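Take a look at the structure below.
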Amino acid sequence: MKQKICIPLLKDHHNHPSFYALFNDCLNLQEIKDKQKALQMVQSLDRDRVSVVLGWNTGFYSFSEEELNRFPSVIIVNISLHSFIMNARAETALKEKYPDIVANYKNHSWYESHFARMMIFMADMAEPTEQKVKTLFDSLYEKGVYYAEDMLLTGEKVYSIINASPYRERTAFWADPATFKNLSPGAQKGVKGIKLFTDGALGAGTAALTLPYNDGKKAGLLHTDDELFRQMRETALLGKAVSVHAIGDMAIFQVVRTVLRLRDEGFPFPEVRMEHCQFIDEKTAHEAKEMGIILSMQPNFSVDSTVYRDRLPARYLEQNNPFRMLIDKVGFIPGKDLIFGTDGMPHGITTALQSCLFPPFPQQRLTLDEFIAGYCMPDKSYGQVEIEVEKI
Ligand SMILES: [Zn+2]
């Protein structure tokens, strides 16, 4: 027997509204699983400018050099945002303004160590406007999302637009150190915290895993321990919260030991968050819990256990997003020190709920109560969504 119940709107703790707002109207391949269709769609893009295409999943298809060069000027961005390809036409159009990016973007480790800059480079291809911001937040609302935290502010202009809009209360901003330094004092004050990175992403084969990927390649950490320590110490001195991207087990170990070292040396933060932590193990989870680190995770990425079967050793397929271990064994509490976000992959409450309740592996499953606690607004006063569940 099914019954209908109402739940509060989504509180998406990890998204990129200042990035996605710019690209509302661009081609997104996320739902396009058929390569022929994708080829046609990219082929029919504007011939007068460099277009950005989002949502490309290398688990579905890739493009040959020849196919790429038949397209109009285009940058096709991996769904993870951690790599892109562009054709010769786009390279020619961009190499004067961005010589180092055009020369180096194909080098995965270079890309990862300049990740925030690469996001801002892509953002540069589009102009922020009030209308674009409105379109994004309105479409999020239609998809059942009230709040969408911005994990990488793309610049002062988009900040000013959102800050002066009614959408301000529906987000919080994190900025990478270089962007933060260039912001006006007012915008710096308005930024909640600093975003740092310790590894790349599975989609690009750059998440720092202890075991090599199935093709024999290994992805390393972006920083030495001392470099990360220095970056975090500088952040601590700003008095801002810190949020650290760490997907692979090696990256997670590094974040936890660095936070421990900072604590021992007397550099406190208002808040420490670790983003993604898909391959956290039980011992490290206990240490993170003990240090008060908030885990900010993406149930939507539970599906990586099937989509990335091509590249991930079997052990990792089962270890991805171990929510049951975190909650039942280590005592993380959804909504308190375990929070959830979509990363915009995709936006909306439907996939978010689906991937919590019906993930590929049992250890990834969350109950509806855990979903509401870790992934929804505190109550229904912001709006509600009707869902159908099995009657108990
Ligand atoms: Zn993100």
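The values are calculated or read from the model by the stated rules, or taken from the named source; none is laboratory data. The structure displayed is predicted, hence computed values, not measured ones. Here the Cβ is made from the backbone with ideal geometry for all residues, glycine too, and neighbour counts use every protein chain on show. Heavy atoms of the whole protein, side chains included, go into the accessibility calculation; ligands, DNA and RNA do not. Shrake-Rupley method; radii C 1.70, N 1.55, O 1.52, S 1.80 Å.
Figures for the structure shown
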| quantity | calculated |
| --- | --- |
| Heavy-atom accessible area order for Thr350, Thr206, largest first, 1.4 Å probe | Thr350, Thr206 |
| Electrostatic dipole magnitude of the chain [Cβ: Lys, Arg +1; Asp, Glu -1; Cα centre; debye, to 20] | 160 debye |
| Cα gyration tensor category, rounded, prolate or oblate, for the chain with a/c compared to 1.5 | rounded |
| Whichever aspartates and glutamates have a C-alpha closer than 17 Å to that of Lys189, once near sequence neighbours (fewer than 8 apart) are set aside | Glu149, Asp150, Glu156, Glu169, Asp176, Glu234, Glu271 |
| R0 of 22 Å, Cβ-Cβ distance Asp215-Leu317: FRET efficiency to nearest 0.05 | 0.90 |
| Phe23 - accessible surface, heavy atoms, 1.4 Å probe, Å² rounded to 10 | 20 Å² |
| Where labels lie 7 Å past Cα in the beta-carbon direction, separation of Gln40 and Val389 in nm | 4.2 nm |
| Asp281 versus Arg47: modelled label distance in nm, points set 7 Å from Cα along the beta carbon direction | 5.7 nm |
| Relative contact order [Cα under 8 Å, 6+ residues apart], region 251-391, whole percent | 23 percent |
| Within region 27-105: Cβ-based charge dipole about Cα centre, in debye rounded to nearest 20 (Lys, Arg +1; Asp, Glu -1) | 120 debye |
| Extension gain (nm, one decimal) between Arg168 and Asp379, 0.36 nm per residue minus Cα-Cα | 74.1 nm |
| Given charges at beta-carbon only (K, R positive; D, E negative), |dipole| of region 272-371 in Debye | 120 debye |
| Proximal charge balance of Asp281 [Cβ under 14 Å; K/R count +1, D/E count -1] | +2 |
| Probe 1.4 Å, accessible area per residue of region 36-81, Å² | 45 Å² |
| Listed residues Arg261, Arg365 arranged by accessible area, highest first, probe 1.4 Å | Arg365, Arg261 |
| Filter on Lys192/Lys336; Lys2/Lys336; Lys33/Lys134; Lys132/Lys157; Lys95/Lys218; Lys143/Lys380 - keep pairs with C-alpha separation over 20 Å | Lys2/Lys336; Lys33/Lys134; Lys95/Lys218 |
| With every protein chain in place, the chain: carbon and sulfur % of accessible area (1.4 Å) | 52 percent |
| C-alpha center-to-center spacing [region 18-49, region 107-159] in angstrom | 16 Å |
| Rough spin-label spacing in nm, given labels placed 7 Å along Cα→Cβ, for Glu234 and Arg117 | 1.3 nm |
| Relative contact order %, region 130-390, counting alpha carbon pairs below 8 Å whose residues are six or more apart | 15 percent |
| Solvent-accessible heavy-atom area per residue, rounded to whole Å², over region 177-334 at 1.4 Å | 40 Å² |
| Heavy-atom SASA rank of His347, His276 (probe 1.4 Å, accessible area, largest first) | His347, His276 |
